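Okay, structure first, notes after.
The values are calculated or read from the model by the stated rules, or taken from the named source; none is laboratory data. Just so it is clear, the model here is predicted, and its values are computed rather than measured. Cβ sites come from the backbone with ideal geometry, for glycine too, and all protein chains shown count toward neighbours. Surface areas here come from the heavy atoms of the whole protein model, side chains and all, with no ligands, DNA or RNA. Shrake-Rupley method; radii C 1.70, N 1.55, O 1.52, S 1.80 Å.
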Amino acid sequence: PAGLATQDERSLLLHHGFLQFSTTWDLAAASYPVPGLGALGLGFARIGPAGIDAYDAGNRALGAIGYSETVAAASVARRVRGPIWGGLTFKILSQSLGDVSASAPALDAGLLYRPAAMRGGQVGISVQNVVAGSLDLGGVTPPLDRSFRIGLASPEWRVNLASAGRVVLDLGTRGREGLKPRFGVEFTRAGLGSVRAGYSDGDPLVGLGLSYRRYG
């Protein structure tokens, strides 16, 4: 959440993705800079398949039942001191399976360090579910897993006046899971967008982003 405070423009993000097993991912988020405070953010995300085949104790088909996970979040971020920004996100997570549903609150916290000497390089740290409840769908309900992440971005390497590249590294843990690295190389062209390629948990990933400015 700390990165919100480094933005100087209002922004809106809409994302729709197709995953395995007929699962879709949807995200809507907006950020709004507030002079003298930092920035505010709102977001809503949902992930879920089209349906899950259900069976009774005799292995007789009962048809498809719905399953989904959603989160609604509100964030606030501001400059803490010098090149250090901080942020907090309060969120409500929900799960639903057929006619059963549950929800729980949680809190995320983050810090971002962007010293001028790094020429655009930065270090980000976040802790997800610092304080969190439990999702009770009728079984064992431990608290939501706490996650730790650290992200490193190298200084920009200028290719020409309009183009630049950088290397990014992300390290994270979740609950009792071990450290999972993600590595990428990003190339940005001013006025057009960015291309990123890398590895996540040993799998190759490629991403493309397009930018559009309403003013100027």
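Laid out as a table, the results:
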| item | result |
| --- | --- |
| 10 Å-binned pair-distance histogram of the chain (Cα, whole percent) | 7, 23, 37, 21, 8, 3, 0 |
| Extended-chain gain in nm, criterion 0.36 nm per residue less alpha-carbon gap, Ser68 and Leu169 | 33.3 nm |
| Spin-label model distance (nm) - Lys180 vs Leu13, 7 Å beyond Cα toward Cβ | 1.8 |
| Globularity ratio of segment 73-194, using Cα Rg and 2.2 N^0.38 Å | 1.36 |
| Peptides 84-92, 159-167, 120-128 ordered by average Cβ neighbours within 10 Å, highest first | 84-92, 120-128, 159-167 |
| Heavy-atom surface of segment 1-152, accessible at 1.4 Å and reported per residue (Å²) | 62 |
| Pair Ala61, Ser194: separation of 7 Å Cα→Cβ label points (nm) | 4.6 |
| Segment 135-216: Rg to Rh, with Rh as the Kirkwood radius over Cα pairs | 1.16 |
| Sorted largest first, extent of segment 155-198 alpha carbons per principal axis (Å) | 45, 18, 12 |
| Sites Glu156 and Ile84 - FRET efficiency at Förster radius 30 Å, r taken between beta-carbons, to 0.05 | 0.90 |
| Whole-percent carbon and sulfur share, accessible surface of the chain, 1.4 Å | 61 |
| For segment 48-137: Kirkwood Rh in Å [reciprocal of mean 1/r, alpha carbons] | 16.3 |
| Asp201/Ala29 FRET efficiency (R0 25 Å; Cβ-Cβ; nearest 0.05) | 0.55 |
| In Å, descending, principal axis extents of the Cα set of segment 1-82 | 64, 21, 16 |
| With eigenvalues of the C-alpha gyration tensor scaled by 5 and rooted, segment 106-157, Å | 35, 9, 6 |
